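Presented below is the structure to which this report refers.
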Amino acid sequence: MSDLTTRDGASAPDHGHGHGNGDVPADDLARPLYEGPGALPAADIPHRPRRSDFDPKAARRAERQVAGLFLLSMLMVVLFVVAYIAIDPQADIYIPVFGEIGYMNFALGLTFGLGVFCIGAGAIQWAKKLMPDVEVVQERHSLASTPHEDVETAEQYERGKEESGFAQYKVIRRTLIAALALFPIPLVVMLRDLWTPTDSAAGLSPAEQLSTTAWVEGMPIVTDGTYVKIRPEDIPVGGLVSALPEDIEEIQKAEHNLNARGKAAIILVRMEPDEIRAQQGDGWDYQGILAYSKICTHVGCPIALYEHRTHHLLCPCHQSTFDLADAGNVIFGPAARRMPQLPIGVNEEGFLVAKAPFAEPIGPSFWERG
Amino acid sequence: MSTTEKVGESVATYVDQRVGSNRFLGRSLKKVFPDHWSFMLGEIALYSFIIVLLTGVFLTLFYKPSMIEVVYDGSYVPLKGVMMSEAYASTLDISFDVRGGLLIRQMHHWAALLFIAAMAVHMFRVFFTGAFRKPREFNWVIGIGLVTLGLGAGFSGYSLPDDLLSGTGLQIARGIVQAIPIIGTWAAFLLFDGEFPGTEFISRLYGVHILLIPGLILALVTVHLMMVWTQKHTQFPGPGRTNDNVVGYPLMPIYMAKAGGFFFIVFGITALIGGLVTINPIWIFGPYTPDQVGAGSQPDWYIGWLDGALRIFPNIETVLFGFTISWNIFIPSVIIPGIVFTVAALYPFLEAWVTGDKRNHNLLDRPRNAPTRTALGVMAITFYVLLFIGGGNDIIAITFDLSINSIIWFLRIAVIVLPPIAFLVTRRICIGLQRRDREKLLHGYESGRILRLPHGEFIEVHEPLNVKDRAVLESAIEAYRAPLPAPERVDANGVANKHYRIDVIRYKLSRWFYADDIVPPTRAEIDAGQAHVSHDAALEAPLHAYDEDETVMVPFHGGVLHTAGEPATNREQLEERGGNLYLHTIDPSSAPATPRCRGARHSSEALLELLGSESSALPQGADEEKFRRDQFVTRPSRPLASGHAPLVGLRCRDGPCGSGTALRARGSHGDSRRGGAGRQRRRRRADGSSARIGSRGERQPRGGRAHHRQPHRRGHPRGPQRPLPCRRSSRRNGPRPNLHLGLHPARRDIARRLVPGEPEVSTPA
Ligand code: HEM
Ligand code: FES
């Protein structure tokens, strides 16, 4: 315990003697009381005794509080088990401020939380009231090695270098370094099969896959969710319909994923034909009905916030705004490219269909997109 | 020794013989840790990480990391029969069909938020106090690594439930990966096994979330703590605390109990919050499909700033030789965070290079003593907050009915303009605080009390600094460094300096770093100043009654001394009367039926009689005549809360009563007694009113009054200076003259010296 001293200079275990400066002669007032950090004797660290230090009643009270908290914790654990067994998991309960919440969750959280909390509160109360609150001083020691150790280490290193001949055998050294540089390659190469193209996409590069969608010429357009074909008159002026290609369900079944859906989603909007200021291709609308990709060209959120008076389409993710009356151009926000438009028409049965695939890749940009 | 202890001892011996653990344990159990509330931030981070580990393991027992589509058939009715991924279905099961599952899920999420929040605040504590300086640079770098991993852990966890919200987050992440030049497309395909969303990503993320990242965090946390252990904790400056020691409480038993208890407290609170407050109610959002999105979707708070950067960045994209570079995505979501984290990690080395400081630092800086660093930190926070606001711009637009466009334009400009402004303002504030510290070191506290000396001169009494404050303020001496000297082109031997250009840059940066720092006074200057102040305070001291329990005001009405607890006067009332001057004197007209206060001797005797208390013992060896003349010392009959009989002293200075007159102006201590629970108690006259007479410009007496002899006797109260009559205040029914009590500890020391035999602090055996 050599480096451990209490504030009053005694060794650690028997701290707490009175220490006084009351016997300083009165004419000593002009003397500086302290000399700044470092020069200060530990005894001068201000300290206030706690009530429990000198009042046995207070000490006993603290003892009871601590034990009481531990008891409460035990009680809570019992209640937890009771709640776990007794409460209907589907029941709700109204708690002011927190609103309607699950009864079970509330009861379990409360009992478990309080149970754990009380252990902590008890321990801290114990430390605060009953354990000594006298600060002690410990010296720091230099972390750096001594010069002697430094020399010894250097010697060991030199000896190793010498004995291994690392400096001498140039070829060995270089080939070793090269071998070490190459050995991680297999680990990286093996990552290649993180992506194995599905059958339908076999032979397509990533960029080609990103550039194709399920839309082909004559593909009927169906509503999202109910999958019914759409007639032009189903869409009122100012309306917006989320739509998909007719065969989307089949593709999903065949591929067991949602990839095709993620690319093929479109929105149909209808405006008065004379409101359309520009389109991405001549006559790509059908009687004022326009089809745009639903996937934001920024980083790919699906968009469905449409303001039918201004014809603005707003992305909920980063608020890019596209003007659907003006060829889907970006009018504000972080997206850099217009929304791709799908040329549409009607088939002989009078249902809306795609007249051609998308003319450009939909969704976020990628390096090879061009 | 109890049986348990005996078993424990033999186990300890058994283990020790095999691994030599007792040596380590013995040293460790007495290890000292300094105490400060801000040192608990790191603890909170550690504990919440442990909670996350525990609850996470529970979740793995029920969660299925699979994107296979299934039909939901659990007990949450609105989604019955809906197609969804197994991941989402199992998360619904955890929430509705596993008893306690929702509690654990919510605890996991809350603890994750707490984990990252605690790390962030802990990081700022370390930054602003300079705890990252030598020898702790590595630990800072590890800390930055932990924050980064924490973000990764949070994001990967957030994506696991595969609800509509988390899927949207993944889609954005995919878009970001895809925007990386050259490798982006391939990287995205490898990560997702093809196109978005694919069927693999959740299970891949799962491994990352429950094994890779927690494993790395655990490893880094271990190293982090081992370094704290060997390097020993830093401490704030204070009495007895030096760069070469640690002052605090020993691990056994105090820290065992406190830190262990605190773990349970954090755990308990997390459980309470998990039980009461819903977080991430995934059942509301529904299963993920790539063609739907909820409006107003928001990431967790720690991702918000990155989302904000993505939102406000201008839409620049270039096509070069047939290749697309999406600056609008790449810069805000890859480059900017990359720079932020790199600069953060390198900061300790950059600062050390600029300042040329190679010393070890175990005493923490007060933020004001490193103005440029503090300003840089505030600048970073400003930048972060602006981006964070950007992340919620849609919510702000709706809540405050603003246009999104104008918010974005405001932020685009503000992100560039406001951080530097924050820098400048913070630095000025720090330098102002430094200046004030300097004043305090040289001249003590402004007491706000005016003392009229026998020959009529008014001075404001300054109080000597107490031990704690002085130690804290003096840390400025260690913290202060002059800028580096200008480099020479050629050295003394005529050898050209090869690094001249670099040295010039460094020199300029160093000048910038230390620009305008206030030079602290030397120790000798401080001693001289404080001695002077003590002397003055000692002159005035006996005019006041002393009271151990400083929260109690003891008013003094016209010469009648009331003991503690007088209901008519409390601190609020005193503050209300702010600005008034109070007469502190023994008022001859107000001690009815007693001998008039004609002189010091009379008054003290009269009062002694009035109070009927016993006079205190005469100091050993003191001249009784002098003592009785100068002192009036008594003890109220009622002991105060602290268990000590307060020491009460009064003094009339020589000459007719009232010639030694203390006036009280509204306190002017400002922040002189800062922080710390212990100090809180003493903050009685400190009510932030320093502006009244504390502000610098007014230090000099107006009108150049000749009585202003002492250089440190500055600061007369603002407003007309009326000579105060030695009579009861005319505002008879208004506030009565008060003897303001509760002494500064340093002055209490003086009082103690005057009256030895004061019961001393003692701890129970
Ligand atoms: C290292 C810090 C960690 C952080 C910051 C973190 C964060 C998260 C978050 C935010 C969630 C979403 C919870 C929700 O609202 O549903 C989550 C889910 C999950 N975490 Fe962690 N986690 C961490 C470590 C772990 C560990 C170590 C495990 C397991 C050993 C784990 C297992 C899980 C599981 C299984 C889920 C999915 C369960 C669900 O979605 O409800 N986590 N995590
Ligand atoms: S994804 Fe639409 S604006 Fe970002």
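Things to note:
- Whole-angstrom gap from region B:188-264 to region A:300-370, using each part's C-alpha centre: 46 Å
- FRET efficiency for the pair A:Ser200 and B:Ser403, taken as 1/(1 + (r/R0)^6) with r the Cβ-Cβ distance and R0 = 30 Å, rounds to 0.10.
- Each peptide in A:252-261, B:348-357 receives the mean, over its residues, of other Cβ atoms within 10 Å, and ordering these scores from highest gives A:252-261, B:348-357.
- Rounded if a/c under 1.5, otherwise prolate or oblate - region A:125-273, Cα gyration tensor axes: oblate
- Cα-based shape type of region A:209-354, given that a ≥ b ≥ c are square roots of the gyration tensor eigenvalues and the cut on a/c is 1.5: oblate
- The relative contact order of chain A, computed from alpha carbon pairs under 8 Å that lie at least 6 residues apart in sequence, is 12 percent.
- Rounded to whole Hz, the Karplus (6.51, -1.76, 1.60) HN-Hα couplings of region A:184-194, x for glycine and proline: x, 3, x, 4, 7, 4, 5, 6, 3, 7, 4
- Ranked by how many other beta carbons lie within 10 Å on average, peptides A:73-84, A:53-64 from highest: A:73-84, A:53-64
- Within 10 Å of each Cβ in B:344-354, the average number of Cβ atoms from other chains: 0
- Region A:203-276-region B:351-394 distance, computed between alpha-carbon centres (Å): 51 Å
- Phi-derived couplings, Karplus 6.51 cos²θ - 1.76 cosθ + 1.60 at θ = phi - 60°, listed residue by residue for region B:205-221: 4, 4, x, 4, 6, 9, 10, 4, 5, x, x, 5, 4, 4, 4, 5, 4 Hz, with x used for Gly and Pro.
- Out-of-range pairs (alpha-carbon distance over 28 Å; input B:Lys258/B:Lys358; B:Lys232/B:Lys468; B:Lys6/B:Lys232; A:Lys253/A:Lys294): B:Lys258/B:Lys358; B:Lys6/B:Lys232
- For region B:103-112, Karplus couplings with θ = phi - 60° (6.51, -1.76, 1.60), whole Hz, Gly/Pro x: 4, 5, 4, 5, 4, 4, 5, 5, 5, 5
- With a Förster radius of 41 Å applied to the beta-carbon distance between A:Val171 and B:Val343, the computed FRET efficiency rounds to 0.45.
- When both region B:480-518 and region A:96-159 are represented by their alpha-carbon centers, they are found 43 Å apart.
- Put simply, the amide H of A:Val346, placed in the peptide plane, has neighbours under 5 Å in A:Val353, leaving out anything fewer than 5 places away on its chain.
- Spin-label model distance (nm) - B:Val319 vs A:Arg64, 7 Å beyond Cα toward Cβ: 8.4 nm
- Restricting the chymotrypsin sites (Phe, Trp or Tyr not before Pro) of region A:119-185 to loop positions (DSSP other than H, G, I, E, B) with no more than 14 neighbouring Cβ atoms within 10 Å leaves A:Phe166, A:Tyr169.
- Close amide H partners of B:Tyr445, meaning residues 5 or more places away or on another chain with modelled amide H under 5 Å apart, are B:Glu463, B:Leu465.
- Rounded to 5, the percent of DSSP beta bridges in chain A classed as antiparallel: 95 percent
- Taking amide H positions as modeled 1.01 Å from N, with prolines and chain starts lacking one, the residues under 5 Å from B:Phe33 and 5 or more places away or on another chain are B:Tyr249, B:Leu251.
- Each label point was placed 7 Å from the Cα along the Cα-to-Cβ direction; for B:Arg412 and B:Ile381 their separation is 2.9 nm.
- R0 of 25 Å, Cβ-Cβ distance B:Arg18-B:Trp229: FRET efficiency to nearest 0.05: 0.65
- Helix axis angle, A:147-164 relative to chain A longest principal axis, alpha carbon, degrees: 50 degrees
- Average other protein chain Cβ within 10 Å of Cβ, residues B:28-37: 2
- Remark: mean inter-chain Cβ contacts per residue of B:400-408 equal 2, using a 10 Å Cβ-Cβ cutoff to other protein chain atoms.
- Counting only lysines at least 8 places from A:Lys229 when in the same chain, those with an alpha carbon closer than 16 Å to its own are A:Lys355.
Each value in this text was obtained by applying a stated rule to the coordinates, not by laboratory testing. Quantities reported herein were computed from a predicted structural model and do not represent experimental measurements. Glycine also receives a Cβ, built like all others from the backbone with ideal geometry; neighbour counts cover every protein chain displayed.
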